[in-house]
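Just below is one structure, and these are the notes that go with it.
The values are calculated or read from the model by the stated rules, or taken from the named source; none is laboratory data. What you see is a predicted model; the values in this text were computed from it and never measured. Positions of Cβ are backbone-derived with ideal geometry, glycine not excepted, and every protein chain shown enters the neighbour counts.
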């Protein structure tokens, strides 16, 4: 059996970091993902996914991303249920448990400064690779 989810989208609000009773970090956030097609009236449809990251990854998500940040996540779907005592009914939740969260926004795009990519005309330092063949062991 196979349970794998890959999503790219934007956070709908700031992530919420909390700690379990045994002091394990857990971070919850919601991801908005555009559907790859438009509706009949040219509206884009969006799906919203509840996501959960654990341990060091949870701390990194809480520290480095916020509402509107674009991320790519890889993980698995998980369903759980609980009893809602207010209405005396069982509630079901489906969420993505993140195995990997990749931050897709650049550092400057999250600040007030616009991101400027280097053009082909600009000199980009690629290091000195003139004698690479001499260093190879084969």
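For this structure, a couple of remarks:
- Checking each residue of the stretch 113-133 against the condition of being in a loop (DSSP other than H, G, I, E, B), modelled with pLDDT under 95, within 22 Å of residue 14 (Cβ to Cβ) and more than 17 Å from the chain's Cα centre (by Cα) gives at least one match.
- From the options 71, 26, 5, residue that is touching a residue at least 24 places away in the same chain (Cβ under 8 Å) and within 11 Å of the chain's Cα centre (by Cα): 71
- In the condition set (1) surrounded by fewer than 10 Cβ atoms within 10 Å (Cβ to Cβ); (2) in contact with a strand residue (DSSP E or B) (Cβ under 9 Å, 6 or more places away or on another chain); (3) more than 19 Å from residue 18 (Cα to Cα), residue 86 is compliant with all but (2).
- Filter result (touching a residue at least 12 places away in the same chain (Cβ under 8 Å) and more than 17 Å from the chain's Cα centre (by Cα)) within the stretch 29-52: none
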